[in-house]
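Undergrad: Sharing a structure, written as structure tokens. Questions coming.
Where a number appears in this text, it was derived from the coordinates with a stated rule and is not lab data. Remember, predicted model here, so these are calculated numbers, not experimental data. Cβ: placed from backbone, ideal geometry, glycine included. Neighbour counts: every protein chain shown.
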Amino acid sequence: MDLKKVIRSITDWPIKGVIFRDLTTLMKDPEAFKESCDVLYDRYKDQNLDKIVGIDARGFVFGAVLAYKLGIGFVPVRKKGKLPAETIEKSYNLEYGSDTLEIHRDGVGDGERVVIVDDLIATGGTIGATVDLVRELGAEIVECSFIVELPDLKGRERISGCKVFAMMEFEGE
């Protein structure tokens, strides 16, 4: 299946000049959703991981399924003020604004092997902040994993030193 064809593109959303790649169309298609989750599982099943770190909100969808299939823990990284226990935080810029992310201080620990999962990498602000949080807690980032990459926005440059996997790219479209 060509998963790229299942993703809806919305022009000028959330602001003029942005083409939003809407993965909800992939998630609601049972065959496409299963295939994308299976690709992630096949990639990481032999990596001896301790945790999956998923980024709010669509990274929760793919990350939680992956953690379940691997039989390991899932750790959410959320927008500021959404986690109930002691957290650390990091502010960042994204292609159409700014925000702050948090992770529980006890979410990951020294030397734990983790994969960070999100649906899409664009400018790299969100993943860059998440990488900083996970590194601050002492975990080893095996890879940052995405369904979609927008390479024209150069998000990979914000997370140098991390391996990156993306199932597909939308270039200049």
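Undergrad: What are the ³J(HN,Hα) couplings of region 16-26, residue after residue, when phi is run through the Karplus curve with 6.51, -1.76, 1.60 and θ = phi - 60°? Round to Hz, x for glycine and proline.
TA: Once θ is set to phi - 60°, the couplings for region 16-26 become 4, x, 9, 9, 7, 8, 8, 7, 5, 5, 5 Hz.
Undergrad: Also, I was wondering about something else. Once you order the gyration tensor axes a ≥ b ≥ c over the Cα atoms, which shape class does region 1-103 get: rounded for a/c under 1.5, otherwise prolate or oblate by comparing a/b with b/c?
TA: oblate
Undergrad: Now for a separate question. Give me the aspartates and glutamates in straight-line cross-link reach of residue 154: C-alpha distance below 15 Å, same-chain residues under 8 apart excluded.
TA: 95, 169, 171, 173
Undergrad: Taking R0 as 22 Å, what FRET efficiency do you get between residue 4 and residue 163 from their Cβ-Cβ distance, rounded to the nearest 0.05?
TA: Result of the calculation: an efficiency of 0.50.
Undergrad: Just to be sure I understand: with springs between alpha-carbon atoms less than 10 Å apart, which residue in 89, 35, 149 has the highest mean-square fluctuation in the Gaussian network model of the chain?
TA: Top of the fluctuation ranking is 35.
Undergrad: Can you give the convex hull volume of the alpha carbon atoms of the chain per residue, in Å³?
TA: Looking at the chain, the number lands at 108 Å³ per residue.
Undergrad: So in the chain, what percent of DSSP beta bridges are antiparallel if you round to the nearest 5?
TA: 40 percent
Undergrad: Let me ask something else. In whole Hz, what ³J(HN,Hα) sequence does region 160-169 give by Karplus (6.51, -1.76, 1.60; θ = phi - 60°), x for Gly and Pro?
TA: Each residue of region 160-169 in turn: 4, x, 10, 5, 10, 10, 9, 5, 7, 10 Hz.
Undergrad: Mind listing the phi-derived Karplus ³J(HN,Hα) values for region 73-78, rounded to whole Hz, using 6.51, -1.76 and 1.60 with θ = phi - 60°, and x for any glycine or proline?
TA: Computed from phi, the couplings for region 73-78 are x, 10, 10, x, 10, 10 Hz.
Undergrad: What is the pair-distance distribution P(r) of region 27-71, computed from all Cα-Cα distances in 5 Å bins starting at 0, with each bin given as a whole percent?
TA: Bins of 5 Å from zero give 5, 23, 31, 25, 12, 3, 0 percent of pairs.
Undergrad: If packing is taken as the average number of other Cβ atoms within 10 Å across a peptide's residues, how do 131-141, 155-165 rank, most packed first?
TA: Final packing ranking: 131-141, 155-165.
Undergrad: Continuing with the same structure: If I model a spin label at residue 15 and residue 69 as a point 7 Å from the Cα along the Cα→Cβ vector, what separation in nanometres do I get?
TA: If labels sit at residue 15 and residue 69, their model points lie 3.6 nm apart.
Undergrad: Let me ask something else. For every helix of n ≥ 4 consecutive DSSP H residues, a contribution of -39,500 (n - 2.57) applies; sum these over the chain, divide by its total residues, and give [θ] at 222 nm rounded to the nearest 500 deg cm²/dmol.
TA: Using -39500 (n - 2.57) per qualifying helix, the result is -8000 deg cm²/dmol.
Undergrad: Rounded to the nearest 20 Debye, what is the dipole magnitude of the chain about its Cα centre when Lys and Arg each give +1 and Asp and Glu each give -1 at the C-beta?
TA: 260 debye
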